[in-house]
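Data first, discussion second: the structure below is written as structure tokens.
The values are calculated or read from the model by the stated rules, or taken from the named source; none is laboratory data. Every value quoted in this text rests on a predicted model; they were computed, and no experiment measured them. For neighbour counting, all protein chains shown are included, and Cβ atoms are generated from backbone atoms with ideal geometry for every residue, glycine included.
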Amino acid sequence: MNEIVIETPRVFAPLLDDGLRYLGAHGGRGSGKSHFFGELAIERSVMEKFDLVCVRENQKSLDQSVKKLLEAKIESMNAGYYFDVQDAKIKSIHGGLIIFQGMQNHTAESIKSLEGFDASWVEEAQTLSQKSLDMLRPTIRKPLSQLWFSWNPRFETDPVDALLRSENPPPDSRVIEANFADNPKFPDVLRSEMEYDKRRDPDKYVHIWLGGYQQSSEARVFRNWRIEEFERPAGTIFRLGADWGFSVDPSVLVRCSMEGNALYIDHEAYQVGCEIVNLPELFMSVPEAEKWPITADSARPETISHMQKHGFPKIVPAVKGAKSLEEGVEFLKSFDIVVHPRCQHTIDELSLYRYKTDPMTDKVVPILDDKDNHVIDALRYACEGARRAVKRVVTPKAKPVGRFAGAGGWMA
């Protein structure tokens, strides 16, 4: 056995209280919220028999659960002696159990199986529905049991915010705000993205990095999307699009596919300040990207040429043309867009992309704002061929030309 030392950032110290029913941590990306609760779960499991259910609103697989985070914590804390990590659960030496479940898979009857658990941890709690919250709260009912919530705020009206950040939160709750400045281990790769957003888009910086509420206004471009785990079947035709960054802008590759009226987005590559020589490596992070045609921003022909010579021979420039931006956006708006949770930058831009507003009247005008659009542009390019094909199909046919031949009617 090894002595386990946990260094807790000062901002989370108020949550180290076993006597509280509700523990909450909200704030921006890179704050360490998930790491704190992961370490708390390991600590409790090492000290005593501790049963924890890790909850998300939707969970079709373990890939997007916190299981990988907990496994990493066990390894980094050299705590392997205390745990038996299995395919779908983690057992502790004291007989405790950590499991991972989606609330959408539960009914009022099935959730009763969790009544004996010591705690639940709701990660990405901003997506938790009111129905799920209402089922979960009375289910975790063991004496001294706890409910943990970690989330990046979206709207003031989201159920978790209405419960824990309203004027009348539960009396036995403690909620803290944590942001990147509170994280002594804030990684450099996130710092580059944060600094980019801070320079270019103050609204996005406040929402994504400082945990401010997303502005819900009529200026939002996309409302036709949702976040959901999925796997595309064998034989799926993938469409890939790329947008090029400069010295301080992100380069982006996005992969999507179409089925009926649904547009599925399942992988993205995104890096701020990516040098041209490093682009092939970045794009290879999208599965099989080198095998599929890629439609890329035509403004950088030298970059397209470089990629063609370095592993991506099927990359071609976008056609663009008059109104291609507006028509491309309208084409995307015609779908039900489903985004895999791992595509975080896609989620950010679908949330934040806006039409401009008249500064004198505050009225929304039909002009797309040129920010929060790198992934959106790449997505437009990915769908360009399909959009043009659809446009050709629906073009009205010309009326037949003929001459009137008296009582005999039309003649060719």
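Just to be sure I understand, how many residues within segment 356-390 are assigned to a strand (DSSP E or B) and surrounded by 15 or more Cβ atoms within 10 Å (Cβ to Cβ)? Qualifying residue count for the region: 3. Of all positions in segment 169-179, none carries a residue that is among the basic types (Lys, Arg), closer than 17 Å to GLY28 by Cβ and crowded, with 16+ Cβ neighbours inside 10 Å. Here segment 82-118 is the region considered, the condition is being of a type in the set (Asp, Glu) and over 22 Å from GLU71 (Cα atoms), and the residue that is surrounded by the most Cβ atoms within 10 Å (Cβ to Cβ) is GLU115.
Counting only helices (runs of 4 or more DSSP H) that fall entirely inside segment 256-352 and contain at least 2 residues that are small (Gly, Ala, Ser) and crowded, with 16+ Cβ neighbours inside 10 Å, the qualifying elements are 324-333.
Here LYS356 does not fit the description of being closer than 19 Å to GLU384 by Cβ and touching a residue at least 60 places away in the same chain (Cβ under 8 Å). Screening the candidates GLY241, GLY212 for the property of being of a type outside the set (Ser, Thr, Tyr), assigned by TED's automatic domain parsing to the domain that holds PHE283 and not in a helix (DSSP H, G or I) yields one hit, GLY241.
Number of residues in segment 210-253 that are under 18 Å from the mean Cα position of the chain (by Cα), among the charged types (D, E, K, R) and over 25 Å from GLN59 (Cα atoms) equals 1. Given the structure, is ASP362 assigned by TED's automatic domain parsing to the domain that holds ARG255, on the phi > 0 side of the Ramachandran plot and under 24 Å from the mean Cα position of the chain (by Cα)? So ASP362 does not fit the description; no. The residues in segment 159-169 that are closer than 27 Å to ASN105 by Cβ and at pLDDT below 95 can be counted, and the count is 0. Yes or no: SER192 in a loop (DSSP other than H, G, I, E, B) and of a type in the set (Gly, Ala, Ser)? The answer is no for SER192.
Name the residues in segment 35-49 that are of a type in the set (A, V, I, L, M, F, W, C), in contact with a strand residue (DSSP E or B) (Cβ under 9 Å, 6 or more places away or on another chain) and under 19 Å from GLU3 (Cβ atoms), would you?
Restricting attention to segment 35-49, the residues satisfying the condition of being of a type in the set (A, V, I, L, M, F, W, C) are 36-37, 40-42, 46-47.
Adding the requirement that they be in contact with a strand residue (DSSP E or B) (Cβ under 9 Å, 6 or more places away or on another chain) leaves 36-37, 40-42, 46.
The answer is LEU40, ALA41, ILE42, VAL46.
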